[in-house]
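One structure below.
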Amino acid sequence: MSLLVVEDLHTHFVSRDLDNRVRTAKALNSVSFALAEGEVLGLVGETGAGKSLTAFSIMGLLRPPARIVQGSVRFAGQELVGLAPEQLNAVRGARIAMVGQNPRGALDPLTRVGEQIVRVILAHQAVSREAARAAALEAMARVGIPDPARRFRSWPHELSGGMAQRVLIAMALVNRPTLLIADEPTTGLDVTVQAQILDLLRTLVREMNMAALVITHDLGVVAHYCSRMAVMFAGRIIEMGPVEAVFGTPRHPYTQALIAATPENLTLDGASPLGGRPPDLFALPPGCHYVDRCPIATEACNALPPWRSVAADHGALCHRVES
Amino acid sequence: MTLGRFLVRRLLLVVPLLVFIAFLNFMLVRISGQDPTALIAGPTATGGELAMVRAELGLDRPLHEQFLVYIGNILTWNLGQSWVNKRSVLNDIWLRLPITLELLFWGVGLGALIGIPVGLRAARHHDGRFDQLARFLSLLGFSTPTYWLGLVMILVFFYFLNWAPPAMGRISLLMTAPPVVTGSYLLDGLIAQKWDVVQSAFAQLVLPVTAMAIVAAAPIIKQARAIALDVQGSEFVRSAQAAGLSGAVIRRMVAKNSATPVITFVGTELTALIGTASVIEYIFSWGGLGQWGLQAIIQADFMVVQGYVLTLALFSVLVFLVIDVAVFLLEPRAEMHA
Ligand SMILES: Nc1ncnc2c1ncn2[C@@H]1O[C@H](COP(=O)(O)OP(=O)(O)OP(=O)(O)O)[C@@H](O)[C@H]1O
Ligand code: SF4
Ligand SMILES: [Mg+2]
């Protein structure tokens, strides 16, 4: 059974302009994917494609004017869309944990880091403070923080980015979640530290048998780290399949361009490697979102492309892909 | 860095600032073009008499000498006497400063007590009913002229409803003031355990302090709301939500992280609202510092004006010092900025 099922998820930014007319930025458009227990899915796409927004939508972390206008997120059989914050809090941080792209900004500047881990434990487990403290120290040791007892009393501003990310990983794992969402967990870290953090995450995900949604710009991370991958473009998943299949025979023209353009280091580096501009979310084309940049577009592409499966678990959202 | 070292560094920074303020103060009054000699000597004075008065005041000496004398006088607590009524400036400051401070502290304190929670709550319900109400009230407070507010309050609560005592000073005219300890009749009454004095002083305080609080609360609501909104939007709040921390824990976190900028703002309010306090003090016939200073400016009473400006400057410097210490104690990052 799937642990996480995201189905037909639409997240929009609904705001009003100066003339009080409603403007809608369609940031996520019918995003669907599923994640089995223990599976590691990579989510890639250029900046602004909607990767973080997908994560926030799953976790119920959207802030106005963003909201889910349609679709469902089922986690272990439970519908999360529309849950009250108190009910969501039984899931967030306990069964689904998240590690973000700005570790130093993600820590409360006025609370010692150890206390922050303790706080997360006490929010979800009925244990004493001493037990929580012991568990926090153990988690800190486990993520490779040297001298945890001393670091426990550190302030966030005293930590390096890599150390802060280790603290956040400890915080994410301390309640033994079954799903980890890692949103560009190594952005902004030194290259050597990036590798360490990735190794740490991989080890922990394996040891704890977690499922993981790994959001990244770095196709190399996906290649080495994930079993399946999904490619996003302008709020849609436009291709999804096993990593070898997508890298080996990419079907969607965007994926093809992406992989062709990044052969050496396999990184998207934030911007589009293809030079094109992402489409305006306030005025998306009616059919395929990629139509303006696609070299093989036809008249038909002005209509919504169908999801074409090329194998049992590999498919793309394109008129010109043959099933 | 210890608090002691921090304080020493801050105080050392304050010294040149104070000298500079004293200099400006000295110069501004000298170059204002107003000559008090004629005022003091009287309309019938002869040229010789005028020169005598000038010499007596030291006004015939070169400016830099006058300035050194002025600094020396300040350092020996000699602020001179009024050229108009010969009263000691320092004595008048001691007499009147507590009056203004009482209005300022109770008023801004009450304003903060109302404004901060309202602002935080408005931020929590961003764009909701409560937020809209808070924004409206804040705007209303902003756009109400202080003197009008004071007069309307007197009209309604004294004249029509007769709930408040007449706006004539800080204590009933029939009562003797308690022995001076703090200069506040309310506190001095409490210290002397004179309950009728406490009651009368309190009754006199209600309207002016409320007026002051309304004026102070408007910007505090606005600012506390903006600060809390900013904190709520920060990444660590989102990551706290992602970790499933309860609403109460997150609320506390937002309040704590808003504390430093909010405290700083309330402190600046304390110095910025002295003018407002002067207006209110005037309307309610309190005879505080503001009334005294304004009169001196009109009469070109240099010594009093200098004493007045110096007092305000010292007060601001002190307030900012206290803010700095509070921030130092609240912020683990403070040592980095210090
Ligand atoms: N208030 C808003 N109104 C309209 N559109 C918005 C608003 N805030 C964000 N967006 C859009 O939502 C889209 C989704 O952004 P998201 O952060 O999910 O991208 P991402 O794929 O995570 O990119 P990155 O790789 O840079 O992290 C972006 O295109 C952004 O422009
Ligand atoms: S649907 Fe058409 S425009 Fe879109 S990717 Fe396929 S061929 Fe290109
Ligand atoms: Mg992102």
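The values are calculated or read from the model by the stated rules, or taken from the named source; none is laboratory data. Model, not experiment: these values are computed from the prediction. Virtual Cβ from ideal backbone geometry, glycine too; neighbours counted across all protein chains shown. Surface accessibility is based on the protein's heavy atoms, side chains included, excluding ligands, DNA and RNA. Shrake-Rupley method; radii C 1.70, N 1.55, O 1.52, S 1.80 Å.
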* Any idea which residue in the range A:140-164 is farthest from A:GLY100 (Cα to Cα), counting only those that are assigned to a helix (DSSP H, G or I) and within 12 Å of another protein chain (Cβ to nearest Cβ)? -> A:GLU158
* Asked: So which residues in the range A:89-114 are more than 7 Å from every other protein chain (Cβ to nearest Cβ) and charged (D, E, K, R)?
  -> A:ARG95, A:ARG104, A:ARG112
* Members of the range B:106-127 found to be of a type in the set (Gly, Ala, Ser) and away from every other protein chain (no Cβ under 14 Å), listed by number -> B:GLY107, B:GLY109, B:GLY111, B:ALA112, B:GLY115, B:GLY119, B:ALA122
* Asked: Which residues, counting only those in the range A:295-308, are within 21 Å of A:GLY235 (Cβ to Cβ) and either within 16 Å of ligand 3 (Cβ to nearest atom) or not in a helix (DSSP H, G or I) (or both)?
  -> A:ALA297, A:ALA303, A:LEU304, A:PRO305, A:PRO306, A:TRP307, A:ARG308
* Could you give me the residue pairs with C-beta distances under 7 Å whose first residue belongs to the range A:236-254 and is closer than 14 Å to A:ALA311 by Cβ and of a type in the set (Asp, Glu), whose second residue is open to solvent by less than 10 Å² (accessible area, probe 1.4 Å) and within 16 Å of ligand 3 (Cβ to nearest atom) wherever it lies, and which are 6+ apart or on separate chains? => A:GLU239/A:VAL231
* Asked: Where residues in the range A:205-251 are of a type in the set (Ser, Thr, Tyr) and more than 16 Å from ligand 3 (Cβ to nearest atom), which of them is least open to solvent (accessible area, probe 1.4 Å)?
  -> A:TYR225
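To keep it simple, each residue is scored yes or no on (1) surrounded by 14 or more Cβ atoms within 10 Å (Cβ to Cβ); (2) among the basic types (Lys, Arg).
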position: B:ARG135; (1), (2): yes, yes
position: B:MET168; (1), (2): no, no
position: B:ALA177; (1), (2): yes, no
position: B:GLN199; (1), (2): yes, no
position: B:MET212; (1), (2): yes, no
position: B:ILE227; (1), (2): yes, no
position: B:PHE236; (1), (2): yes, no
position: B:ALA243; (1), (2): yes, no
* Asked: With B:LEU110, B:LEU104, B:LEU68 as the choices, which residue is farther than 16 Å from B:ALA313 by Cα and in the same structural domain as B:VAL304 (by TED's automatic domain parsing)?
  -> B:LEU110
* Asked: List pairs: first in the range A:77-88 and within 12 Å of chain B (Cβ to nearest Cβ), second not in a strand (DSSP E or B), Cβ under 6 Å, 6+ apart or cross-chain?
  -> A:LEU88/A:GLY60
* Enumeration of residues in the range A:84-137 that are open to solvent by 10 Å² or more (accessible area, probe 1.4 Å) and part of a strand (DSSP E or B) -> A:ARG92, A:MET98
* **From the options B:LEU97, B:LEU79, B:LEU103, B:LEU140, residue that is outside any strand (DSSP E or B) and open to solvent by 40 Å² or more (accessible area, probe 1.4 Å)** => B:LEU140
* **Candidates B:GLN291, B:GLN223, B:GLN299, B:GLN232 - the one that is surrounded by 22 or more Cβ atoms within 10 Å (Cβ to Cβ) and not hydrophobic (A, V, I, L, M, F, W, C)** => B:GLN223
* Matching residues in the range A:297-323 - criterion: being open to solvent by 40 Å² or more (accessible area, probe 1.4 Å) and in contact with a helix residue (DSSP H, G or I) (Cβ under 6 Å, 6 or more places away or on another chain) -> A:HIS319
